[in-house]
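What follows is a single structure, written as structure tokens, with notes after it.
A short reminder: the numbers here are calculations on the coordinates, not readings from a lab. The structure presented is a predicted model; accordingly, all values stated were derived computationally and were not measured. Ideal geometry is used to build each Cβ from the backbone, glycine not excepted, and the neighbour counts take in all protein chains shown.
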Amino acid sequence: SKQNWGDFRNKKGQVRGGVFTQSAGGINQRVWMLINKGQVFQDMLLHTGVRNIVDHALGNNYLLSSHSANIAKPGGVPMRLHTDQWWMPMPTRPDRTHLPAGSITREQTDHPDTASIWPRVVLNVVWMIGDFTAENGGTRIVPGSHLWGRRPDNPDDNTIETVALEGPAGTVGFLDGRIWHGTGANISDQLRWAILTTFCGPQFRPQENFTVGTDTKVLADASPDLLSLLGFKVWNAYGRIESPAVEYIQPGEQSLGELRPHP
């Protein structure tokens with residue numbers, strides 16, 4: 001079997017029994033919101049070499065979408081192939097009906113128009129804390145799939161040939177948000193450690209809600225660059241609270257409140 005990301009609850013909204021068992025692919029461990037887990041994880045986001053590549057891929061402005069750890073454990077099954085910008089509406093010709101943006105899911109999308117493809121709006125950074133090999137669950141990718149203009153949503157897509165992202169501990173890999181990929185099966189007897197950092201364009205909703213979930217102590221010491229990554233910098237008037245002239249919003253800032261007649 002393969003792990004379906006996010007398929008955790010039953011129709012009643014309850015966490016399904018056995019969803020995190022080995023047979024269901026849930027044996028692998030995730031650690032979310034690394035932004036709150038220590039200064040070293042904040043410093044990673046400011047790595048000059050990495051940020052230069054993110055700048056090249058996404059442009060002058062972008063957001064941190066997710067900063068998490070992924071521990072692939074022995075016996076874990078492979079994750080289904082997916083892209084990390086699955087929510088992008090398909091390019092659509094004026095003469096055809098399109099799926100509304102709010103109706104797009106991981107399982108349902110429009111049929112692609114092969115005359116054009118999505119632009120890249122997401123970049124993943126894979127920090128290999130330990131060695132990445134084909135045997136220990138190194139991320140499986142489909143080279144060139146970022147230019148196919150579609151997602152792996154056909155039944156046969158998960159049988160396509162993949163290659164492992166491999167490298168010694170300390171290597172950093174970069175994945176275009178459109179590329180088909182997924183955590184590999186760990187058939188070794190060792191844990192495979194990685195930190196996964198995802199950046200997205202400033203127009204898009206991050207995976208992790210940093211404006212709500214970031215610890216106040218982290219924000220108090222955050223540089224303007226880090227605050228921008230976390231979504232506290234106003235971008236072309238988007239993300240503001242009250243005044244359109246404010247460059248950065250303040251965490252917990254109060255609005256003017258209810259309008260009342262002057263006494």
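Can you spot the lysines whose alpha carbon is less than 22 Å from LYS233's alpha carbon? Ignore those fewer than 8 places along the same chain. Straight-distance partners of LYS233: LYS217. Grab the other residues whose beta carbon is less than 12 angstrom from that of ARG192, score K and R as +1, D and E as -1, and report the net. Here the count lands on -3.
FRET efficiency for the SER188 to ASN209 pair, using the beta carbon distance and R₀ = 51 Å, is estimated at 0.90.
For ASP176, neighbours were defined as the other residues whose beta-carbon sits under 13 Å from its Cβ, and their charges (Lys and Arg +1, Asp and Glu -1) total +1. Histogrammed with a bin width of 5 Å, the alpha carbon distances of the chain distribute as 1, 5, 11, 14, 17, 16, 14, 10, 6, 3, 1, 1, 0, 0, 0 percent, first bin at zero. Per residue, the average separation of C-alpha pairs within less than 8 Å and at least 6 apart gives region 19-105 a relative contact order of 37 percent. Taken along the Cα-to-beta-carbon direction at a fixed 7 Å, the label points for ASP95 and ASN10 span 5.0 nm. By the beta-carbon count within 10 Å of each Cβ, the least crowded to most crowded order of THR133, THR48, fewest first, is THR48, THR133. Seen against the Cα atoms of the chain and their longest principal axis, helix 48-58 is set at about 90 degrees. The overall shape of region 205-263 is prolate: from the C-alpha gyration tensor, with semi-axes ordered a ≥ b ≥ c, the ratio a/c is 1.5 or greater and a/b exceeds b/c. Here the simple spin-label model places points 7 Å from the Cα toward Cβ, and for ALA164 and HIS262 these points are separated by 7.3 nm. Taking 13 Å as the cut-off, the amide N atoms of region 194-212 that come nearer than this to a point 7 Å along the Cα-to-beta-carbon line of MET33 belong to 208-212.
State which stretch of the chain is the longest one without any exposed GluC sites (Glu not before Pro), exposure meaning a DSSP loop state and at most 13 other Cβ atoms within 10 Å. Before the final figure, lay out each step's value.
Details: sites that count: GLU107, GLU161, GLU242, GLU247, GLU253, GLU258.
Of all site-free stretches, the longest is 1-106.
What net charge is computed for the residues neighbouring ILE71, neighbours being all others with C-beta under 13 Å from the C-beta of ILE71, Lys and Arg scored +1, Asp and Glu -1? That works out to +3. Counting only Cβ charges, +1 for Lys and Arg and -1 for Asp and Glu, the dipole size of region 73-165 around its Cα centre is about 200 debye.
Among TYR62, TYR248, TYR238, the ranking by other beta carbons within 10 Å of each residue's beta carbon, starting with the fewest, stands as TYR238, TYR248, TYR62. Label region 27-108 by shape, choosing from rounded, prolate and oblate, from the square roots a ≥ b ≥ c of the eigenvalues of the Cα gyration tensor; if a/c is under 1.5 it is rounded, and otherwise prolate applies when a/b is larger than b/c, oblate when it is not. It comes out oblate by the Cα gyration axes. The magnitude of the dipole of region 29-126, with charges of +1 and -1 set on the Cβ of Lys/Arg and Asp/Glu and taken from the Cα centre, is near 300 debye. In terms of its alpha-carbon gyration tensor, region 120-214 comes out oblate; a/c meets the 1.5 threshold, while b/c is at least as large as a/b.
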